[in-house]
Amino acid sequence: MRSWNPRPGATIALLLALLCAALLPSRAAAQQTTVLQLGTPNLSVQPGQNVTVAMRFDAVPMPEDYSVFIHFVDANGVNHAPSSADHAPPTPTSWWSGAIAYNRTVTLPSSMPRGTYSIRVGLFQNHSPWGRATLARGTGVTVDDQLRYTVGTLNVGTQAPSTTTALQLANPSLSAQPGQTVTLGMRFNAVPMAQDYYVFVHFVDANGVQHSTLNADHLPPVGTSQWSGAVAYNISRTLPSNLATGTYSIRIGLYSMAAPDNRIPLATGSGVTADGQGRYIVGTMNVTGGGSQVRIVDYYGDSTVWGYKTHVGGQVAKPAPVAFAEALSGVQVRNEGVSGSTACGLLNGTDGVHPAWSTQMANSNATVVIINHAINDQWLYSLTQYKSCLTALAQGAKSRGKKVIFETPNPTRDSGYGLEGMAAAMREVAAQQQVPVIDQYEYLLGYLNGRSPYEICPDGLHPTDEVYILKGRYAADVFRTLP
């Protein structure tokens with residue numbers, strides 16, 4: 001955005017205006033959008049890394065659609081944030097009402113000086129004169145003479161991102177056979193982390209190949225922001241029945257869901273080594289026996305299965321079926337998603353890609369069929385019609401010897417306005433047809449934890465790149481539990 005240079009005397013006028021605003025009755029202040037402290041007001045990061053800013057407002061509809069700026073201001077008043085930090089919020093400001101919460105991830109310049117910065121935000125016009133909006137201030141928020149609201153602090157390189165130490169597993173030498181369940185005794189010597197990170201667990205064979213079917217990514221029982229001292233808990237992983245024999249190294253680490261490729265540096269305990277990829281070798285697993293059967297999975301659905309890129313169009317690099325396949329071994333996955341399609345269109349052969357379902361199933365060599373249709377059906381069919389089409393799809397696939405799995409849709413802008421009824425209808429048909437369900441709707445509602453679906457679907461319908469991956473990995477986790 002353009003720099004903001006007040007005219008001579010404007011600073012005094014502005015300060016007088018702010019003083020007057022502060023003296024107005026509280027009823028007038030309630031008519032303004034209030035800027036709140038960040039969801040995580042104290043952030044730490046290294047130069048060149050990503051930082052996720054959890055924006056928070058208590059809003060009323062604005063007179064126009066403003067953009068949001070984010071500044072990282074040093075002790076000398078200089079802004080070091082890249083221009084890419086400025087953005088249009090997921091929900092236009094003219095539509096704002098009530099609690100507004102979303103995340104903005106900013107990549108810091110690798111040359112950014114180390115130090116402590118104040119995080120200052122605000123709203124600005126997208127046209128001349130590029131004016132900034134006056135906002136009310138929430139608890140702990142201050143404003144400067146440029147209508148920038150301080151909502152948090154950013155520590156860049158002033159301390160290590162973590163001094164938590166990765167320790168060897170409670171039982172660092174494991175032995176198992178394919179199909180058995182192994183228990184990993186996770187151990188850390190910890191300090192409170194900057195945020196609640198995910199823990200990943202990778203199994204790497206003697207050739208250096210990571211077997212994604214064994215991945216055990218998870219949130220620990222106690223969030224990493226609350227870690228202190230000895231942290232110990234167990235996780236279990238059932239080995240695939242076709243897992244190859246051999247010795248696997250067990251490698252762990254931490255990452256943020258907002259930036260899953262940026263792993264958090266840890267210290268190494270006794271017997272633990274780092275592999276140079278942000279992973280820490282904490283044990284080994286010796287597998288005896290094995291197999292090589294491959295299952296073919298056809299993944300049907302609408303644009304949220306195909307992988308439509310929110311706000312942009314085209315296909316994301318990693319749609320949910322791709323992330324699903326990467327998380328499993330011994331499976332071949334085909335993405336059969338079609339934008340704008342419905343369950344009834346798939347059944348009748350009118351989705352523009354597939355023939356009638358009976359013909360599709362007769363010609364398909366898939367052993368497993370996953371069906372995710374509801375979002376478009378909600379707009380076109382009654383619940384009775386929708387359930388009828390789902391029933392026919394399940395029966396048609398099972399008559400050809402396919403294993404059928406239903407998958408509920410991700411939450412959208414229609415959550416609370418009928419989509420939950422479609423998800424419930426799918427669960428009802430699944431119970432009647434004895435079909436398992438990958439319940440993405442409930443899973444992602446839990447992930448949102450009361451936040452708006454726009455947090456994960458900026459255009460109201462289609463997930464972000466990260467959430468497509470999250471969906472695929474969750475589907476794989478459920479798939480592993482099925483007989």
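Would you mention how many residues in the stretch 147-163 are of a type outside the set (A, V, I, L, M) and either at pLDDT below 90 or surrounded by fewer than 18 Cβ atoms within 10 Å (Cβ to Cβ) (or both)?
Adding up the residues that qualify gives 8.
Which residues, taken from the stretch 238-263, are more than 27 Å from Val51 (Cβ to Cβ) and at pLDDT 90 or above? Spell out the reasoning first.
Residues of the stretch 238-263 more than 27 Å from Val51 (Cβ to Cβ): 238-250.
Of everything in the stretch 238-263, those that are more than 27 Å from Val51 (Cβ to Cβ) and at pLDDT 90 or above turn out to be Thr247, Tyr248, Ser249, Ile250.
Which members of the stretch 388-421 meet the condition of being over 17 Å from Ser341 (Cβ atoms) and either among the aromatic types (Phe, Trp, Tyr) or crowded, with 23+ Cβ neighbours inside 10 Å (or both)?
Once the filter is applied, which keeps residues that are over 17 Å from Ser341 (Cβ atoms) and either among the aromatic types (Phe, Trp, Tyr) or crowded, with 23+ Cβ neighbours inside 10 Å (or both), the stretch 388-421 yields Ile405, Pro411, Tyr417.
Among the numbered criteria (1) free of Cβ contacts under 8 Å to residues at least 40 places away in the same chain; (2) touching a Lys or Arg at 6+ places or on another chain (Cβ under 8 Å), which one does Met55 miss?
Of (1) free of Cβ contacts under 8 Å to residues at least 40 places away in the same chain; (2) touching a Lys or Arg at 6+ places or on another chain (Cβ under 8 Å), only one is false for Met55: (1).
Cβ-Cβ below 7 Å, separation at least six or inter-chain, first residue in the stretch 281-303 and over 27 Å from Ile405 (Cβ atoms), second surrounded by fewer than 21 Cβ atoms within 10 Å (Cβ to Cβ) and at pLDDT 95 or above: which pairs?
So the pair list comes out as Ile281/Ser249; Thr284/Ser249.
Restricting the search to the stretch 354-382, which residues are part of a helix (DSSP H, G or I) and either closer than 26 Å to Val478 by Cα or among the aromatic types (Phe, Trp, Tyr) (or both)?
Selection gives Trp357, Gln360, Met361, Ile375, Asn376, Asp377, Gln378, Trp379.
From (1) modelled with pLDDT of 95 or more; (2) buried (at least 17 other Cβ atoms within 10 Å of the Cβ), pick out the condition that doesn't hold for Leu328.
Condition (1) is where Leu328 drops out.
Have a look at Ala366, Ala356 and point out the one that is touching a residue at least 24 places away in the same chain (Cβ under 8 Å) and assigned by TED's automatic domain parsing to the domain that holds Pro409.
Checking each option against the conditions leaves just Ala366.
Regarding Gln332, is this residue more than 21 Å from Gln395 (Cα to Cα) and touching a Gly at 6+ places or on another chain (Cβ under 8 Å)?
no
Count, please, the residues in the stretch 331-347 that happen to be among the polar types (S, T, N, Q) and at pLDDT below 95.
Narrowing the stretch 331-347 to residues among the polar types (S, T, N, Q): 332, 335, 339, 341-342.
Retained after the next criterion (residues that are at pLDDT below 95): 332, 339.
Selection size over the stretch 331-347: 2.
Could you please let me know if Thr91 is in contact (Cβ under 8 Å) with a residue 60 or more places away in the chain, more than 30 Å from Leu266 (Cα to Cα) and in contact with an Asp or Glu (Cβ under 8 Å, 6 or more places away or on another chain)?
No; evaluated as a whole, the condition is false for this residue.
Quick check on my filter: what residues within the stretch 327-353 are over 29 Å from Gly179 (Cβ atoms), in a loop (DSSP other than H, G, I, E, B) and in contact (Cβ under 8 Å) with a residue 24 or more places away in the chain?
Scanning the stretch 327-353 gives Val338, Ser339, Gly340, Ser341, Thr342.
Would you point out the residue of the stretch 240-269, among those that are farther than 17 Å from Tyr280 by Cβ and in contact with a Pro (Cβ under 9 Å, 6 or more places away or on another chain), that is surrounded by the most Cβ atoms within 10 Å (Cβ to Cβ)?
Checked the stretch 240-269; the qualifying residue surrounded by the most Cβ atoms within 10 Å (Cβ to Cβ) is Leu243.
One line per residue, one yes/no per condition, for (1) hydrophobic (A, V, I, L, M, F, W, C); (2) under 22 Å from Thr310 (Cα atoms):
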residue	(1), (2)
Thr384	no, no
Lys387	no, no
Ala394	yes, no
Ala397	yes, no
Phe406	yes, no
Ala431	yes, no
Pro436	no, no
Leu445	yes, yes
His462	no, yes
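Going residue by residue through the stretch 462-480, is there one that turns out to be under 12 Å from the mean Cα position of the chain (by Cα), assigned to a helix (DSSP H, G or I), free of Cβ contacts under 8 Å to residues at least 60 places away in the same chain and under 22 Å from Val338 (Cα atoms)?
For the stretch 462-480, residues under 12 Å from the mean Cα position of the chain (by Cα), assigned to a helix (DSSP H, G or I), free of Cβ contacts under 8 Å to residues at least 60 places away in the same chain and under 22 Å from Val338 (Cα atoms): present.
Report yes if some residue within the stretch 272-282 is among the basic types (Lys, Arg), assigned to a strand (DSSP E or B) and within 17 Å of Phe203 (Cβ to Cβ); otherwise report no.
There is no residue in the stretch 272-282 that is among the basic types (Lys, Arg), assigned to a strand (DSSP E or B) and within 17 Å of Phe203 (Cβ to Cβ).
Inside the stretch 91-118, can you point out the residues that are under 29 Å from Pro453 (Cα atoms) and among the β-branched types (Val, Ile, Thr)? Lay out the reasoning, then the answer.
Taking the stretch 91-118 and keeping what is under 29 Å from Pro453 (Cα atoms), we get 91-108.
Hits for the stretch 91-118 are Thr91, Thr93, Ile100, Thr105, Val106, Thr107.
For the stretch 195-239, name all the residues that are of a type in the set (Val, Ile, Thr) and either surrounded by 14 or more Cβ atoms within 10 Å (Cβ to Cβ) or in a strand (DSSP E or B) (or both). Talk me through it step by step, then tell me what you get.
Of all residues in the stretch 195-239, those of a type in the set (Val, Ile, Thr) come to 199, 201, 204, 209, 213, 222, 224, 231, 235, 238.
Those that are of a type in the set (Val, Ile, Thr) and either surrounded by 14 or more Cβ atoms within 10 Å (Cβ to Cβ) or in a strand (DSSP E or B) (or both): Val199, Val201, Val204, Thr213, Thr224, Val231, Ile235, Thr238.
Looking for something assigned by TED's automatic domain parsing to the domain that holds Arg451, surrounded by 18 or more Cβ atoms within 10 Å (Cβ to Cβ) and touching a residue at least 60 places away in the same chain (Cβ under 8 Å) - is there at least one such residue anywhere in the stretch 375-385?
Yes.
Looking for something within 17 Å of Ile456 (Cα to Cα), outside the structural domain of Gly450 (by TED's automatic domain parsing) and hydrophobic (A, V, I, L, M, F, W, C) - is there at least one such residue anywhere in the stretch 70-81?
No, because not a single residue in the stretch 70-81 is within 17 Å of Ile456 (Cα to Cα), outside the structural domain of Gly450 (by TED's automatic domain parsing) and hydrophobic (A, V, I, L, M, F, W, C).
Kindly indicate whether Ser303 is surrounded by fewer than 18 Cβ atoms within 10 Å (Cβ to Cβ), assigned by TED's automatic domain parsing to the domain that holds Cys457 and of a type in the set (Ser, Thr, Tyr). Lay out the reasoning, then the answer.
Values: surrounded by fewer than 18 Cβ atoms within 10 Å (Cβ to Cβ): no; assigned by TED's automatic domain parsing to the domain that holds Cys457: yes; of a type in the set (Ser, Thr, Tyr): yes.
Answer is no for this residue.
For the stretch 312-320, state whether one or more residues are in contact (Cβ under 8 Å) with a residue 60 or more places away in the chain, in contact with a strand residue (DSSP E or B) (Cβ under 7 Å, 6 or more places away or on another chain) and either buried (at least 17 other Cβ atoms within 10 Å of the Cβ) or assigned by TED's automatic domain parsing to the domain that holds Tyr474 (or both). Talk me through it step by step, then tell me what you get.
Within the stretch 312-320, the first condition is being in contact (Cβ under 8 Å) with a residue 60 or more places away in the chain, and the residues that meet it are 316-320.
Restricting the remaining residues to those that are in contact with a strand residue (DSSP E or B) (Cβ under 7 Å, 6 or more places away or on another chain) gives 319.
Filter once more, so that each one left must be either buried (at least 17 other Cβ atoms within 10 Å of the Cβ) or assigned by TED's automatic domain parsing to the domain that holds Tyr474 (or both): 319.
Yes, the stretch 312-320 contains at least one residue that is in contact (Cβ under 8 Å) with a residue 60 or more places away in the chain, in contact with a strand residue (DSSP E or B) (Cβ under 7 Å, 6 or more places away or on another chain) and either buried (at least 17 other Cβ atoms within 10 Å of the Cβ) or assigned by TED's automatic domain parsing to the domain that holds Tyr474 (or both).
The values are calculated or read from the model by the stated rules, or taken from the named source; none is laboratory data. None of these values were measured; they are calculated from a predicted model. Heads up, the Cβs are rebuilt from the backbone with ideal geometry, glycines too, and the neighbour counts pull from every protein chain shown.
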